[in-house]
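Below: the structure, in structure tokens.
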Amino acid sequence: MAEIKKWNTKKQGQRVVVLVSQDSSDMYFANQLIKNLNVVGVFVEKQHGKAPNLFIKFVKIFKYLIKPKLFIKAIKDNINNKYYGKRASRIALDGFGLEGSKLLAGGDCKVVYTEGINAINEPVYVEEIKKLKPDVIAVCGTSILKRPILSIPVKGVLNIHGGLSQRYRGVWTTLWAIYNEEPEYIGATVHYVSDGIDDGNIIYQGSPEIAEDDNHETLYVKVVKLGIDLMVKAIYDIQNNKVKSYPLKTKGNLYLKKMVTPEIIKEVWEKIDKGFIREYVKNRALREKKVKLF
């Protein structure tokens with residue numbers, strides 16, 4: 001796996017606040033920024049709720065009773081989710097290690113875990129962020145940020161997006177690039193956060209090296225590590241007053257979480273297991289030429 005480049009910005013200059021979710025890639029992102037930048041606070045947003053209540057469970061059971069085919073499909077989906085979920089978890093553990101499982105922040109870094117679901121924009125957290133007086137806010141994996149947070153830092157809010165925004169916006173973009181048989185559009189984008197989704201001015205982009213034995217999960221690990229390096233570089237540029245950014249002229253398709261079904265995941269893994277990446281690597285030169293990075 002790619003290693004994170006080491007920068008000499010630790011405890012120097014501008015104050016950085018990091019906003020992330022509880023996902024392993026996001027925790028890893030936070031830990032790398034803590035090691036390389038003057039991170040004064042990390043806010044971890046809870047994005048998963050409690051199990052469905054009894055009424056919802058009853059409705060689901062009733063639906064299965066009147067439509068047995070749905071019940072059979074649910075069983076198959078559950079089996080596939082467990083199988084492919086375990087494969088993905090092993091890869092994430094190998095790629096992100098301990099730094100993907102918990103925050104390793106020192107005593108001089110304030111850590112806040114939000115209560116409620118997707119609550120990062122609640123006034124209580126907005127005020128806590130303000131108290132830290134950040135010059136820059138760095139984001140990875142939170143729900144969409146609203147204006148009260150976006151207006152806090154004097155030098156902007158930066159997001160790491162795990163895709164090339166001119167082609168893919170939203171979530172699971174590495175998976176979708178393989179599903180659509182476009183590995184040449186796998187990459188990372190560091191951009192200013194706007195009111196839209198992954199459409200702010202771009203500071204840096206990059207694509208990882210794709211190996212024959214890669215899959216969408218190993219490539220996602222590479223994308224995250226590449227994106228972290230680009231994020232630290234961007235914040236370093238801001239600190240030294242040499243940052244440049246470029247407007248996103250063409251917005252890529254927007255992919256939402258609800259669009260990723262068990263069938264989609266199964267189909268992508270089947271493409272991988274049948275050698276799709278291996279064949280792509282053998283013939284990638286011409287396809288990569290058409291991709292223009294910022």
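The values are calculated or read from the model by the stated rules, or taken from the named source; none is laboratory data. Everything numeric here is computed off the predicted structure, so don't read it as measured data. No Cβ is skipped: glycine too gets one built from the backbone with ideal geometry, and neighbour counts run over all protein chains shown.
General remarks:
- Identity of the residue in the stretch 240-263, farther than 17 Å from N201 by Cα and surrounded by 14 or more Cβ atoms within 10 Å (Cβ to Cβ), that ends up modelled with the lowest pLDDT: P262
- Residues of the stretch 125-143 classified as among the hydrophobic types (A, V, I, L, M, F, W, C) and surrounded by fewer than 21 Cβ atoms within 10 Å (Cβ to Cβ), total: 2
- Pick from the stretch 93-122, criterion of a type in the set (D, E, K, R) and assigned to a loop (DSSP other than H, G, I, E, B), ranking: nearest to G227 (Cα to Cα): K102
- Within the stretch 21-48, if we keep just the residues that are over 12 Å from V111 (Cβ atoms) and small (G, A, S), the residue that is nearest to the chain's Cα centre (by Cα) turns out to be S25.
- Whenever a residue of the stretch 260-272 is within 11 Å of R87 (Cβ to Cβ), its partners that are outside any helix (DSSP H, G or I), lying with C-beta atoms within less than 6 angstrom and at least six residues away or across chains, give the pairs I272/N215.
- Residues of the stretch 16-43 satisfying the condition of being among the acidic types (D, E) and in a strand (DSSP E or B): none
- Whichever residue in the stretch 23-68 is modelled with pLDDT under 65 and charged (D, E, K, R) and, among such residues, is farthest from K133 (Cα to Cα): K63
- Note on the stretch 123-222: enclosed helices (runs of 4 or more DSSP H) holding 3 or more residues that are in contact with a helix residue (DSSP H, G or I) (Cβ under 6 Å, 6 or more places away or on another chain) are 173-179.
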